[in-house]
1. Going by the conditions given, is residue 70 farther than 17 Å from residue 229 by Cα, part of a loop (DSSP other than H, G, I, E, B) and among the small types (Gly, Ala, Ser)?
2. Tally the residues that are without any contact (Cβ under 8 Å) to a residue 40 or more places away in the chain, more than 29 Å from the chain's Cα centre (by Cα) and not in a loop (DSSP other than H, G, I, E, B), restricting the search to the stretch 234-256.
3. When you scan the stretch 188-205, how many residues do you find that are free of Cβ contacts under 8 Å to residues at least 24 places away in the same chain and outside any loop (DSSP other than H, G, I, E, B)?
4. Listed residues 207, 153; which is at pLDDT 85 or above and not assigned by TED's automatic domain parsing to the domain that holds residue 304?
5. Give just the number: which of (1) surrounded by fewer than 21 Cβ atoms within 10 Å (Cβ to Cβ); (2) free of Cβ contacts under 8 Å to residues at least 40 places away in the same chain; (3) hydrophobic (A, V, I, L, M, F, W, C); (4) part of a strand (DSSP E or B) does residue 259 not satisfy?
6. Can you tell me which of 185, 231 is closer than 30 Å to residue 39 by Cβ and within 14 Å of the chain's Cα centre (by Cα)?
7. Here is a check on your reading of the model: is residue 159 closer than 20 Å to residue 73 by Cα, buried (at least 21 other Cβ atoms within 10 Å of the Cβ) and under 24 Å from the mean Cα position of the chain (by Cα)?
Amino acid sequence: MAHDHNHDLAHHDHGAAHHGHDGHGHHGHSHAPKDFGAAFAIGAGLNIAFVAAEAVAGLMTGSLALLADAGHNLSDVLGLLMAWAAVIMARRAPAGRRTYGLGKGTILASLANAGLLLLAVGAIVWEAIRRFGAPQDIAPGPVIIVAAIGVAINTATALMFMRGHGDLNVRGAFLHMAADAAVSLGVVAAALVLMAQPDWRWIDPVISLVIAGVIVAGTWGLLRDSLDLALDAAPRGIDPDAVRAWLAARPGVTGVHDLHIWAMSTTQTALTAHLVRPDTTGQDQFLDSVCHGLSHQFGIGHATLQLETGETGQACRLVAAHG
């Protein structure tokens with residue numbers, strides 16, 4: 001960092017910031033994923049069994065909607081397994097060159113999960129368009145039974161992740177399972193229509209396209225947020241301008257520059273900033289108060305602040321570079 005005479009102050013604050021990891025707010029609670037190990041295990045196990053049953057039923061009945069739902073559920077199982085693995089990796093302590101540990105694996109997992117879902121959409125749309133030209137006969141009875149089981153399983157799985165919206169991985173799991181329940185309900189509806197109108201075989205590819213639309217709608221936010229975090233953007237829900245204004249309003253602070261806010265994982269947010277504060281009295285108490293406020297006001301639990309007195313009359317070299 002700039003201004004070597006301030007190095008000790010910056011180092012001290014890095015230590016003071018550690019108490020903020022228990023802060024609450026968006027991306028602020030670093031221990032959230034530990035509470036969902038059982039949910040990941042149960043959800044993945046139930047959905048793996050259901051995907052196998054649904055795929056077999058789809059092939060036997062000729063239902064593209066059922067096969068499309070099975071493909072979607074399979075991608076969700078892979079996403080759950082990746083998210084679960086990333087959570088386990090994120091618990092490993094920093095070591096060697098990985099001074100932040102492996103927490104960003106949770107971000108990469110959510111990004112890969114979004115990519116898998118979009119690939120599944122492409123396959124579903126392609127097959128649906130093909131079937132418009134060659135509609136197939138479908139046995140609606142077995143389709144209704146299998147899809148109804150899917151509604152129950154996906155609803156139960158979604159409820160297990162319902163309280164984890166502060167973690168992008170857990171939020172993605174909840175949204176996908178909830179969407180799966182809705183999609184399976186749509187498959188039931190299509191089969192009921194076919195029972196009443198056997199000649200409406202086009203309803204199967206139509207429902208498949210609706211499924212694709214639901215997947216895209218549910219995945220878009222996950223893809224956007226995951227990409228933002230992978231590019232070290234400030235997490236959604238944290239306004240950098242509001243953080244800058246809050247820091248500038250701290251007692252004795254006359255300037256804020258070189259402010260950076262980024263996600264260390266889907267549950268931990270970091271911040272670095274230079275604060276100009278001519279008054280050097282009560283530095284420890286000041287740093288403790290600022291770190292506490294960042295944690296509880298904004299959910300930023302890992303703050304590193306460099307204090308500058310400005311007494312040399314020379315502006316920090318990073319003012320122009322990063323404002």
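1. no
2. Number of matching residues: 2.
3. Of the residues in that region, 4 qualify.
4. 153 is the lone residue from the list that is at pLDDT 85 or above and not assigned by TED's automatic domain parsing to the domain that holds residue 304.
5. Exception for residue 259: condition (2).
6. 231
7. No: the conditions fail for residue 159.
Matching residues to (1) more than 20 Å from residue 84 (Cα to Cα); (2) surrounded by fewer than 20 Cβ atoms within 10 Å (Cβ to Cβ):
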site: 116; (1), (2): no, yes
site: 185; (1), (2): yes, yes
site: 196; (1), (2): yes, yes
site: 211; (1), (2): yes, no
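The values are calculated or read from the model by the stated rules, or taken from the named source; none is laboratory data. For clarity, every value in this text was computed on a predicted model and none was experimentally measured. Here the Cβ is made from the backbone with ideal geometry for all residues, glycine too, and neighbour counts use every protein chain on show.
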